[in-house]
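Following: one structure in structure tokens, then a few remarks.
The values are calculated or read from the model by the stated rules, or taken from the named source; none is laboratory data. Everything quoted here is computed from the prediction, not taken from an experiment. Here Cβ is always computed from backbone atoms with ideal geometry, including for glycine, and neighbour counts include all displayed protein chains. With ligands, DNA and RNA removed, areas are computed over all heavy atoms of the protein, side chains included. Shrake-Rupley method; radii C 1.70, N 1.55, O 1.52, S 1.80 Å.
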Amino acid sequence: MKWIKVIIILSLFVFVGSSFVDRLQNLFIVPFGFPTPAYDFKKNPVTSSGFDLGRHLFYDPILSKDSSIACDNCHQPFAAFANIEHLVSHGMNNCLGTRNAPPLINLAWQKSFMLDGGVNHLDKAPLKALLDTCEMYSNLDTIVERLKKNKDYPAMFAAAFGSDKINTQRIMKALSQFMVMLVSANSKYDKYKRNEPGAAFSQMEKEGYSIFQKNCESCHKEPLFSDYSYRNNGLDSVPADLGRYRITGRPEDKGLFKVPTLRNIALTYPYMHDGRYPMLYHALAHYTKNIKRSATLDPIFIQNGKIGFSFTNDDLMKLEMFLKTLTDTSFLRDKRFAKPKDINYRNQIYF
Amino acid sequence: MSVIIRTILCMHLLCNNFVFAQSKSNNTTIHIHFNHVVDNIPLVLDDSLHLYHNEHGDNYYVTLFKYYISEIQLYQSDGGVINIKNDPILINVRDTNSFNYLFENIPTGMYNKISFLIGVDSLKNYDEVQDGVLDPANGMYWSWKSGYVFLKMEGVSANSTNRNGRLFFHIGGVLAPYNTLRKLEHTFEISIHLNANGTNNLTINTNINGLFFGTKTIEFAKLSATMEGGESAMTIADNYMMNLFTFNFSN
């Protein structure tokens, strides 16, 4: 009799303990050569149940007003979680947005989010898309109610957070646990840097890398390929979209946007905050031919009184070849990030 | 044995002294009640037939009024500062439950000043998503520029330049130079005495017209909406820091 009691108590410990231990882990791993992440994992460690809940929420269209839009409408996994072929994205009622959807890559290293840096914590970033009438047009009370009534979510919240309470805070934390795991650090460039066999650069790629390091490194800093600062790269002499200015109100911020990462850049066309450049070649050529003067043009583009870089067509071709080495197919095909099969996608519409 | 009895008696006496000392330090309770008015007229919502007037003379009625108050402190006349409540409260004129607060364990005695923040302190604007009073689901949070809306007033006025005469005053933002967080500090005309029998009632009169005069008199024809922070929000915040609240005490 005594042994049965012991076995029952031990089983209870294992059952309760495993979810407790689950919540003590942090599945996030910093890749070799990467700096310390900015995200505070102490407040929200990544657990397998939290990640799985976040993955479900990311792909679930019930987060939108009429269940037609999920995060993956504008953040497509096969496009490094950007929105290919769309200058700007479409939201509810076919509302056309104003800015190009950025890829979701290496977010744990960012301190601010959105092209104008308006959001100061990753947990808060999805709120913009969820609540904006031109995007998912939803509201938090409705979302919480729908999740509570769903047959699967209460149990998933319990597994992830210890009780089946569903609120804004937990929804956002779960989404963050999914999003921080979208780490891209396994491209041909990464393997080359790690001296892995079979990852040798061709001569053109090496020369492209050299051109990159001489001219682009200051803003597109390795290994994240961005310093996440705000710059005006000369797209317009009078910007239609004032960018960072809308957040800070400072005149020197007019027309400034966040330096994007160049990882997987070959897949995240079209380019720039309004998607004006359809192909990588056009975005690169911008830096030789198309830089426009304005009061807030970043001084880095003015050298010896001359604007822009003097790349030859040959240089541009080599640069493009180098940038293609930043494509990370293991990231694009990672099954961990794939769409769950157990969600009701009946009402989802992809524009 | 008698040593033990004496030790126990001594400890008992010490205990009694301690209990006696507790009641002598005299902690009491204070009841704080928020009373909403427009100038001297009680606030009635949605009443398009009985219009209020702002300082400029524009008429209007009110459809929404919500605000955060935090870090409430009372100042003792002999120099001490008592923290009444650090965490924010959210007052919504549509929810009478949010008007009344009872605070316990406040030392009795004379107090000459009160202070609180109108809004939520800077650090909380940068923190992870909060639950409860600070949950973004309360509708007092900007998703496009992270931070709390400290005070929200909506209404209708014939002088508004918005569609359907709507008025929107959403005051928030902590990034310099447009930090709209305001600390209210009020010295009581007559110092208040919190007595031991706990019938201390502090009424805070919230005068909605306080948004519209002070540093600058607001004309709805020139400003009928501010929802993005910045200079216009700062003007409203400067006004209401001076003129939103008056205080009545009784016990």
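Quick rundown of the values:
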| quantity | calculated |
| --- | --- |
| Selection from B:THR235, A:ASN44, A:VAL88, by position along the positive dipole direction of the protein assembly as shown (Cβ) | A:ASN44 |
| Amide H contacts of B:THR226 (H built 1.01 Å from N, under 5 Å, at least 5 apart or other chain) | B:PHE168, B:PHE169, B:HIS170 |
| In nm, spacing of pseudo-spin labels at A:SER330 and A:LYS111 (7 Å Cα→C-beta vector) | 3.0 nm |
| Normalised alpha carbon radius of gyration of chain B [divisor 2.2 N^0.38 Å] | 1.26 |
| Taking the C-alpha atoms of the protein assembly as shown, convex hull volume expressed per residue in Å³ | 260 Å³ |
| Average accessible area per residue (Å²) across the range A:44-117 - probe 1.4 Å, nucleic acids and ligands excluded | 31 Å² |
| For B:TRP142, solvent-accessible area (1.4 Å; no DNA, RNA or ligand), Å² | 20 Å² |
| Exercise: per-residue mean of other protein chain Cβ atoms within 10 Å, A:117-128 | 5 |
| The range A:266-292-the range A:100-155 distance, computed between alpha-carbon centres (Å) | 28 Å |
| Degrees between helix A:2-22 axis and first principal axis of chain A (Cα, 0 to 90, nearest 10) | 20 degrees |
| ³J(HN,Hα) computed for each position of the range B:234-251 - Karplus, 6.51 cos²θ - 1.76 cosθ + 1.60, integer Hz, glycine/proline x | 4, 4, 4, 5, 4, 4, 6, 4, 7, 10, 6, 10, 10, 10, 10, 10, 8, 7 |
| From phi via Karplus (6.51, -1.76, 1.60), per-residue ³J(HN,Hα) for the range B:199-206 in Hz, x at Gly/Pro | 9, 7, 10, 10, 9, 9, 8, 9 |
| Accessible area, probe 1.4 Å, largest first, for residues A:MET279, B:MET234 | A:MET279, B:MET234 |
| Burial order of peptide ranges B:43-56, A:147-160 (average beta-carbon count within 10 Å, highest first) | A:147-160, B:43-56 |
| Long-range amide H partners of B:ASN35 with built H, under 5 Å | B:ILE204, B:ASN205, B:THR206 |
| Average partner coverage of B:165-175, which counts Cβ from other chains inside 10 Å | 1 |
| Overall Cα dimensions of the range A:148-189, principal axis frame, Å, largest first | 46, 19, 16 |
| For the range A:315-332, Karplus couplings with θ = phi - 60° (6.51, -1.76, 1.60), whole Hz, Gly/Pro x | 4, 4, 5, 5, 4, 4, 5, 4, 4, 5, 6, 8, 6, 10, 5, 5, 5, 5 |
| For residues of B:126-138, the mean tally of beta carbons on other chains within 10 Å | 6 |
| Distant-in-sequence amide H partners of B:VAL149 (H built 1.01 Å from N, under 5 Å) | B:TYR141, B:TRP142 |
| Enclosed volume per residue, in Å³, of the convex hull spanned by Cα atoms of chain A | 157 Å³ |
| Carbon plus sulfur fraction of accessible area for the range A:1-150, probe 1.4 Å, in percent | 66 percent |
| GNM top mover of A:ALA338, A:ALA174, A:ALA79 - chain A, alpha-carbon springs below 10 Å | A:ALA338 |
| Anisotropy class of the range A:223-293 from Cα gyration tensor, a/c 1.5 cut | oblate |
| Helix B:2-25 vs. chain B, principal-axis angle (Cα, 0 to 90°, nearest 10) | 30 degrees |
